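Read through the structure below, which is laid out as C-alpha cells, and then see the notes.
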Amino acid sequence: MRNTRKVLAWLAAVTPLVAAGCGDEAVGPDPERVFVQIERLGNPLVSEVTLTKRNHGFHNTTGPTTDVANFTTELEAFITGVAGREPALADIISSVLLPDMLIVQTDQAANTSGWLTWALAGGYGGRNLTDDVVDAGLAAIFGSLLNANNVSPGLSTDNVDANDKPLGTAFPYLAAPTTN
C-alpha cells in the first residue's frame, strides 16, 4: 500500500511535466535560469601556473573584464620572480594573456587559427584541437619562444606528446579514448 502511494504521488508530479513537453510548441531554454561559472581555462597557464592557488577560485568566479586590474601584478611577478625573466617580457606576456579569454579575429583567414595567433602572428586566434597550449605557454614563460635571455629549458615543456590517435573528420572531431 505504501509503495502504491509513492507511485501515485510520483505520477501526479510527473504527468503535468510530460504533458507540457508533448504539446505542439517547442520547449526552449528557460530564460530565467541562472548559470554558475565553475572554471575558466581559455588560456590554462593563467590560473594553473601564474596565479597562486589561493586566487584560483577568485579567478574562476570573476569575468575577463576585471582580469587586467586583478591579476596583472601577480602574473608579471611570477614571470620576473619565479621564471627570472625581464620585466619587458613579463609585460608582453601579461598583455597577451590578460584578459583571460580566447579571442577570434573573424576578419582573418580561418587557416591562421591557433592559440594566441591573434596576438603573436596576426592570425585568426581561437584554439585548435591540436594546439599544445601548455607547451606554448611554458615556452613563452620559461623558454626561448619570445625571448632567448635567461631561459630554463627544462621547464619549457610538460613532456606530454601529441595526440596518440588521429582526430576525427566530423564534429566533435575528438578521437576515441585510448583503452589499456
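Just to verify a result, which residue in segment 34-48, among those that are among the hydrophobic types (A, V, I, L, M, F, W, C) and under 17 Å from W115 (Cα atoms), is modelled with the highest pLDDT?
Residues of segment 34-48 among the hydrophobic types (A, V, I, L, M, F, W, C): 34-36, 38, 41, 45-46.
Retained after the next criterion (residues that are under 17 Å from W115 (Cα atoms)): 41, 45-46.
Values: L41: 80, L45: 84, V46: 90.
This residue is V46.
Results for (1) out of contact with any Pro (no Cβ under 9 Å at 6 or more places or on another chain); (2) among the small types (G, A, S); (3) loosely packed, with under 10 Cβ neighbours inside 10 Å; (4) without any contact (Cβ under 8 Å) to a residue 12 or more places away in the chain, shown as yes or no for each residue.
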residue	(1), (2), (3), (4)
L145	yes, no, no, yes
N150	yes, no, no, no
P153	yes, no, no, yes
T157	yes, no, no, no
D161	yes, no, yes, yes
D164	yes, no, yes, no
L167	yes, no, no, no
A170	yes, yes, yes, yes
P177	yes, no, yes, yes
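Just wondering, is there one or more residues in segment 111-130 that are more than 20 Å from N43 (Cα to Cα) and part of a helix (DSSP H, G or I)?
Taking segment 111-130 first, the residues more than 20 Å from N43 (Cα to Cα) are 111.
Narrowing the set further to residues that are part of a helix (DSSP H, G or I) leaves 111.
Within segment 111-130, one or more residues are more than 20 Å from N43 (Cα to Cα) and part of a helix (DSSP H, G or I).
Every residue, every condition in (1) under 21 Å from T157 (Cβ atoms); (2) touching a Leu at 6+ places or on another chain (Cβ under 7 Å), yes or no:
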site	(1), (2)
P64	no, no
T73	no, no
S95	no, no
Q105	no, no
N111	no, no
G114	yes, no
A140	yes, yes
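What number of residues within segment 38-64 are over 23 Å from N128 (Cα atoms) and exposed (fewer than 10 other Cβ atoms within 10 Å of the Cβ)?
So the count comes out to 2.
The values are calculated or read from the model by the stated rules, or taken from the named source; none is laboratory data. Since this is a predicted model, take the numbers as computed values, not measurements. No Cβ is skipped: glycine too gets one built from the backbone with ideal geometry, and neighbour counts run over all protein chains shown.
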